[in-house]
1. Answer rounded, prolate or oblate for chain D, using the Cα gyration tensor with square roots of eigenvalues a ≥ b ≥ c: rounded when a/c is under 1.5, else prolate when a/b is larger than b/c, else oblate.
2. Along Cα→Cβ at 7 Å, what distances in nm separate the C:Arg286 label point from those on the other copies, shortest first?
3. 7 Å from Cα along Cα→Cβ at both D:Thr201 and C:Glu19: what's the point-to-point distance in nm?
4. Cut-off 11 Å, label point 7 angstrom out along Cα-to-Cβ of B:Ala313: give me the residues of the range B:52-93 whose amide nitrogen falls inside.
5. May I ask for the distance between the Cα centers of the range B:47-87 and the range C:44-76, given as a whole number of Å?
6. Relative to a virtual label point 7 Å from the Cα of B:Val182 in the Cα→beta-carbon direction, which members of the range C:77-117 show backbone nitrogen distances below 13 Å?
7. Taking a threshold of 19 Å on the Cα-Cα distance, which of the pairs C:Lys42/C:Lys156; C:Lys109/C:Lys156; D:Lys42/D:Lys156; A:Lys86/A:Lys305 fall above it?
8. What is the magnitude of the charge dipole of the protein assembly as shown about its Cα centre, with +1 placed on the Cβ of each Lys and Arg, -1 on the Cβ of each Asp and Glu, and no other charges, expressed in debye to the nearest 20?
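Any read-out appearing in this document is the output of simple, stated calculations on the displayed coordinates, not a laboratory observation. Please read all numbers here as calculations on a predicted model, not as lab measurements. We place every Cβ from the backbone using ideal geometry, glycine too, and count neighbours over all the protein chains shown.
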Amino acid sequence: MVSARARLIRDMVRIRTAEEILADYYRDEQEMRTPTHFSIGQEATAVGVCSATTTEDWVYSGHRSHAPYLAKGGDLEALVAELYGKEDGCAHGRGGSMHVMDQSVGFAGSAAILGEMISVAVGSGWTFARAGEERVALTFFGEGAADEGVFAESLNFAAVHRIPVVFVCENNLYSISSPLSVRHAEGTSVHGRAEAAGVRALSVDGNDVFAVQAAARDAVEHARRGEGPVLLELATYRWRAHVGPGLDHDHGYRSKEEIESWMAGCPIVRATDALRADEPDIDAAVATWSTEFQQETHAAVDRAKALPFPDTARLLDGAYLPETH
Amino acid sequence: MVSARARLIRDMVRIRTAEEILADYYRDEQEMRTPTHFSIGQEATAVGVCSATTTEDWVYSGHRSHAPYLAKGGDLEALVAELYGKEDGCAHGRGGSMHVMDQSVGFAGSAAILGEMISVAVGSGWTFARAGEERVALTFFGEGAADEGVFAESLNFAAVHRIPVVFVCENNLYSISSPLSVRHAEGTSVHGRAEAAGVRALSVDGNDVFAVQAAARDAVEHARRGEGPVLLELATYRWRAHVGPGLDHDHGYRSKEEIESWMAGCPIVRATDALRADEPDIDAAVATWSTEFQQETHAAVDRAKALPFPDTARLLDGAYLPETH
Amino acid sequence: MRTLTYWQAISEATVQCMERDERIFVAGEGVDDVSGSFGTTKEAFDRFGPGRVIDMPNAENATAGFAIGAAAAGQRPLVVHVRADFMFLAMDPIVNMAAKWRYTYGGDKGGVPVVTRGVVGRGWGQGSTHSQSPHATFAHYAGLHVATPATPADAKGMLVQALTGDTPVVLIENRNLYQLTGEVPEEPIPTPFGIGRIARTGSDVTVVAASLMVHEAERAAEQLAQRGISVEVVDVRSLRPLDEGIICESVAKTGRLVVADTSWARYGFTAEVAAVVAEHVPHVLRAPVRRVSLPDCPAPVSRPLEEAFHPGASSIVSACLEVCGERDAALPQLADVSAGFQGPF
Amino acid sequence: MRTLTYWQAISEATVQCMERDERIFVAGEGVDDVSGSFGTTKEAFDRFGPGRVIDMPNAENATAGFAIGAAAAGQRPLVVHVRADFMFLAMDPIVNMAAKWRYTYGGDKGGVPVVTRGVVGRGWGQGSTHSQSPHATFAHYAGLHVATPATPADAKGMLVQALTGDTPVVLIENRNLYQLTGEVPEEPIPTPFGIGRIARTGSDVTVVAASLMVHEAERAAEQLAQRGISVEVVDVRSLRPLDEGIICESVAKTGRLVVADTSWARYGFTAEVAAVVAEHVPHVLRAPVRRVSLPDCPAPVSRPLEEAFHPGASSIVSACLEVCGERDAALPQLADVSAGFQGPF
Ligand SMILES: Cc1ncc(C[n+]2csc(CCOP(=O)(O)OP(=O)(O)O)c2C)c(N)n1
Ligand SMILES: Cc1ncc(C[n+]2csc(CCOP(=O)(O)OP(=O)(O)O)c2C)c(N)n1
Ligand SMILES: [Mg+2]
Ligand SMILES: [Mg+2]
């Protein structure tokens, strides 16, 4: 039996393993023709938060979508098929990396335009409350999306109507290559803005999966009890380039030291270290999972490559339903 | 000699007198064919703030534009001509009540779409700083416009770049007929949001013209010294209907008692009361000014009515300059 | 059949649909207030209260996103903007999300049938940012339906269609239509989009129009009839889908086309209608097409400028005479449609 | 004359104009970063630093308003969006303020000549919200100039015109043009808006196009020439103002019109061009007009769908053959314009 805490590690390992392998294929083959934003290094936010939700709770995300999708239980094969543009993809090849969805597990969709899914989550949360359902809507976004006016508008509306929504801000310090310093005034924070709008808000170490899970549980239960929205600002760090599989250590916008210090604080290593005293077999387990997920990912890739592309005769399908067009 | 404090009263009396008379003409004649938002009851905000500016400072406003325009020294005749749609209007009859401008006194323009002039003022303030000029941009808007995302975006940018801009929020409790309670969460405030974005912010009694002036002086000097933006949240109240000359006491969204209590706190009466000990002649002065401004307004109306309308042959002029179209 | 005003028809459609489908709710700034969005949301508020007729903060972007999120979760939002000009602030969610939702997530997971009503605010001197008609702007984007009902019956039927269909819909209503009366079925019967209507039959010239301009075209047709010119008026009813057939058939019959709109010509409604004819039946044209549209400047406020700016029946008369090769010297000017408008705004 | 790539031409125009006019500054998300907006803002940043090439927060609405406020105070802002799709968030300030500013305040107080560059992001699978071409949406609104340079020379000349003119300008650039090379004058000479260009002369059919589609039309013309069909390619260069004369003259000569665009047909560029012909020279048409445009769905990501979605030279060839009454069976398919595109995105 895998303990609850070990399961968080396993989920992070799965995402890490899958993304690292996908990044290699992406780079080497040039066959996943969709702009892809990897979460390598940021796995604790997605895993910690999603582990605090039920299948009935809905999770939305922005462009950095794979980790929340997988953490929520999204189908890996369908994700990989989507990246390869195949009909079996979770969006049937129409959406690509930035538009994934797996309704069966409560992953309600991701979007490519910054900030969009923030207001959308508020609408879904409002619907849950209206129906008297004890469900919560969550929405992942970067601190860069918090620059957008719709973020403030959404916080405000959620607070006024005490909507069961949890705003999950993954603050990885950068918006592409723009540091926080050129985007937010010194001494301010995303959670501070949320508080000013009347939204309960917390700042959490986003690379500590246990802390994230604990905060997310509180937040989700707060929202579920009808006590209103919560914002979690999770400090984390992206290891790869903003988009695509590569490293960007030479792009000049962040120092090698900074990157290395965050890599040293790898959320998987940290969680494993923390667990070792209680679960001495954890390292072996991580190694096993790692192998297992490597196989799973390669298999998903092999399968995806063998799958057919969408039929171009169905190009228009879904834009309108037949009845109304 | 009129004392500095008495001058504030005189300026408020001028706006009150002009607007009350214009409202009557508006209602009775139906000749000012432009949606008009009177500031009757709110004169202290415009007068207090604008008295703290120089001609080189620029003031923008939203739809409730007459008071800031006049308080800044805008030409009354040109305003009245604008309301009558005449070629001599401050916008040559093209803009109407919601689009007034008097560049000669630093009234930089008003706009009909909520929130627009908030970001615009930031751009003008940035320009002043860039040119090394010690000028400040100010922007009036209602607490309803603070609902708009562009407000948050503008606060943020102004704070990051320490732009010399003063955000002047006239919080009159309503957005048309929507009370604050359905728009902002309990316990929150507009100035609290500004602070969270890193903008120095104050809440001031907006019906106390002396307090407004003092706060505005501080704010303008703070911005002028390059110490960054300031937001003033000024509590005030509109006596008339949201738009048009009428009363709306029977519209059901606010109580008669509430209206009466705010009318009892009339900014002109309060200022006059406060001055009486030091300037016993103030009541006589107010009466004289009142008469004087009545004459001035009626004269402006008579003049405006006699003026020609724009020539329809010039309908297209100004959309494009001839060189480029 | 009993008659209703255009605003009553909208109100009735809203209330009846809300009665039948509790997933429907109304959201917009001041939709609950005493004026009730020109009366159209008042009865709904009185009947269903603030839980289903929701006064929104002034946040057009988040309101549209909120509606999309509610629709994704199974609700049927009806968003109201008392000036269509405010919809530019909601352009991103409407065009980048609502229009593309079903398709982008694969076509099989349900769409977000958000209905957005925008009122063209032309009354008195509303000026450059309170009187625009953005129907063509939205209708350019695949994934939306865009309709412009001209009659009380269509105002009801198309709102019913929107609130019961599967597609996000933008409905643009001209404020000058609200007092118009007409027969309206009692039941909430949907008017399908994409089927135009011959508002008046004629044989010499076709005027294709939408919304208010259908009535201006009918007034023009009256006057031209006195002069022996027989005008057919085509009301497209919806811009997307667009009934190309009815346009082409009418023009094939008359051989002459005037297109009339309340927005600018370039890349607008008048362009598309002319293009449809150029694509399908150019050979039937006995005269060049004429477009009746706004002059290429923003809307001025001053009364004479405003009257010169907005095209109406007289402009349509002139255009029809021109395509028929006649002069309009002899005809009296028709009063502007807003002539009877009473203030304060 | 020396040759430059399209992106170099933009960069050079920016730098030269900034050297000559210190009121000019660049603002946009990441304009200062290593990739420098596809290279176009890099040299400007290296030369003028962060005081004049400003990395903005992700706040498209306020950025546009900020630019307007700077322009009102005498500056000359150049705002850059690396995806034109983000401009919907700036639609309100561009359409409701910039376009209307000078006119609405009376016409004599100066305008706000804000220049906004939007990049059509079609590379690989950018999908439904990262590859749209909104030129017609902006060009509908009086008060703006909207241009779509197709060549390096025009990319430079039109940006110079924009940065020295009096009108707010929207420039839409297709990312697939950036590597294109062409002769470009050393000096910053403005290319006036509203003057089209005959990109290739021909006598059998006119293809009117803008931006990338001009090149697709030229490739199509090559192939059709082998088949004995002589194609004239008209590059409109700017959508507002639009050179009606060059379109009508060409169609008057050839008698056949194909309009090609990277956006949807309805209420778009292809509609307006067809309408101009229907308005002025319908009688010269020897065949119905054909529009080459996007199918009526959002942009899909999957490679074969994406290739089927975006029209290119082959679609133009088919349309030309059709208006000439011929079949296209014999011709090989032309490779898609993005065929040589290398990832990662
Ligand atoms: C409205 C909008 N503006 C700009 C972009 C381009 N863009 C894509 S991702 C990104 C950075 C976002 O940073 P953040 O929200 O912090 O997320 P992160 O990538 O750091 O996870 C930007 C600017 C966009 N997609 N949408
Ligand atoms: C973007 C936008 N949305 C809605 C409106 C309609 N509107 C005009 S004034 C107003 C109320 C604004 O309230 P507030 O900002 O508090 O100013 P007040 O009228 O109270 O002075 C509204 C909703 C508008 N003009 N612009
Ligand atoms: Mg980030
Ligand atoms: Mg207010």
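1. prolate
2. 2.6
3. 7.2 nm
4. none
5. The distance from the Cα centre of the range B:47-87 to that of the range C:44-76 comes to 37 Å.
6. C:80
7. C:Lys109/C:Lys156
8. For the protein assembly as shown, the charge dipole is close to 1500 debye.
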